[in-house]
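Please see the structure below; I have some questions.
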Ligand code: KG4
Ligand code: ZN
């Protein structure tokens with residue numbers, strides 16, 4: 001069976017063809033996976049601009065779907081069903097993929113399967129590894145979400161905890177912005193962090209012990225909070241700025257006035273960085289390293305606690321932040337110590353893609369789930 005997946009929930013237009021084959025160890029095979037990233041467009045604004053995103057999806061979607069079919073060496077006639085992300089995400093962006101998938105399904109007379117974006121991230125693990133030992137504790141950690149799920153049987157997801165404020169990826173992006181490092185922040189901080197001392201700054205992540213007033217029915221013990229760490233980073237950045245200004249005043253008194261940009265650690269081309277530039281670069285690397293250690297520790301503490309709580313036989317970590325090198329290394333090492341196998345998707349399947357949507361679509365297809373042409377996007381769809 002061939003499933004065409006379509007994903008447009010945020011700033012990636014993606015389409016993929018995934019085949020279901022008769023191999024219980026690896027039932028799903030990626031025949032093609034195309035991702036058109038809009039990162040260059042949004043970089044200029046330091047984050048995703050929803051209106052620009054939906055307009056770009058409209059420009060890209062036909063070509064992306066055509067390319068996915070072409071790369072898989074199939075035509076629409078060979079496809080058995082279409083899976084599409086219904087939500088959550090940016091409503092304008094979601095609507096582009098959804099409307100396109102509905103039109104395609106109607107014109108080719110194919111079944112249409114609505115998919116939850118996070119189910120896609122969870123299924124990326126099964127797509128990459130085949131069946132996982134169940135029950136599994138699965139952390140989905142991305143720019144928009146940080147949620148823990150119990151997967152007791154294939155396709156059944158139970159929410160165990162989630163972030164009360166920022167998602168972990170969002171915290172990465174905001175901290176990178178504070179430090180003037182660019183967008184998206186996750187990969188940049190990941191690259192700089194190994195150069196720094198991860199104990200240089202104490203940046204604790206708040207531990208949620210109280211119930212969420214907005215969701216009193218949920219226990220909330222496994223919830224996350226990442227907005228405090230961003231403020232803690234900001235405090236250190238401000239203190240460093242004050243320190244730099246004081247030093248400059250001191251230097252001016254001694255006739256060593258320099259231009260402001262040089263002071264910020266931007267060595268001019270063709271010349272070795274001076275002492276204050278080196279100190280600034282060290283400050284940024286130490287802060288990135290300390291921030292990354294705290295975030296990774298918080299994510300893994302809660303995930304391993306959840307695993308114990310549900311008697312998990314495996315742990316899965318998916319979503320854009322699962323591409324993080326420290327998270328990958330620490331999770332695997334902790335899993336080894338705890339005697340629990342840890343599963344991560346390939347780097348290409350970590351960030352948003354449509355192969356995971358096709359995989360989740362296959363799961364839902366076999367559960368008998370189909371959508372009619374009245375299917376609508378849902379920006380805050382629950383799993
Ligand atoms: O899953 P994804 O592509 O989109 C959402 O559904 O949000 O995740 C994107 C997020 C961004 O916040 C990005 O900064 C983060 O994943 N990210 C990373 C890394 N690569 C991407 N965060 C930390 N380390 C990375 N290597
Ligand atoms: Zn995602």
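Cα axis of helix 117-129 to longest principal axis of the chain: angle in degrees, 0 to 90, nearest 10?
80 degrees
Same structure again: For the chain, take the longest principal axis of its alpha carbons; what is the angle in degrees between that and the long axis of helix 50-71, to the nearest 10 within 0 to 90?
50 degrees
Compute the acute angle (0 to 90°) between the alpha-carbon long axis of helix 355-366 and the principal axis of greatest extent of the alpha-carbon atoms of the chain; round to the nearest 10°.
40 degrees
Given Cα pairs under 8 Å that are at least 6 residues apart, what percent is the relative contact order of the range 1-121?
That works out to 31 percent.
Separate question: Taking the beta-carbon count within 10 Å as an exposure proxy, list 356, 3, 208 from fewest neighbours to most.
By the 10 Å Cβ count, ascending: 208, 3, 356.
Something else about it: Please state the shape class of the chain: rounded when a/c is under 1.5, otherwise prolate if a/b exceeds b/c and oblate if not, all from the C-alpha gyration tensor. Mind dumping the intermediate values first?
Details: a/c = 2.26, a/b = 1.61, b/c = 1.40.
Prolate is the answer for the chain, as a/c is 1.5 or above and a/b outweighs b/c.
Given the C-alpha centroids of the range 103-179 and the range 43-84, what is the distance between them in whole angstrom?
Between the Cα centre of the range 103-179 and that of the range 43-84, the gap is 19 Å.
Cα gyration tensor of the range 53-209, axes a ≥ b ≥ c as square roots of the eigenvalues: rounded (a/c below 1.5), prolate (a/b > b/c) or oblate?
Note, shape of the range 53-209 comes out prolate.
Neighbour counts of other C-beta atoms within 10 Å: give me 44, 305, 7, 170 arranged from fewest to most.
Details: 44 9, 305 16, 7 30, 170 23.
Placing the least packed residue first, the sequence is 44, 305, 170, 7.
Quick one: 21, 233, fewest Cβ neighbours within 10 Å first, how do they rank?
21, 233
Rounded, prolate or oblate, given the Cα gyration tensor of the range 328-372, with a/c below 1.5 counting as rounded?
Because a/c hits 1.5 or more and a/b fails to exceed b/c, the range 328-372 counts as oblate.
Can I ask one more? So what is the calculated 222 nm ellipticity per residue for the chain, using -39500 (n - 2.57) for each DSSP H run with n of 4 or more, over all residues, to the nearest 500 deg cm²/dmol?
Computed ellipticity for the chain at 222 nm equals -15000 deg cm²/dmol.
Each reported figure results from applying straightforward, stated rules to the coordinates on display, with no laboratory input. As the structure is a prediction and not an experimental result, all values here were calculated from the model. Counting neighbours? That spans all protein chains shown, and the Cβs are built from the backbone with ideal geometry, glycine included.
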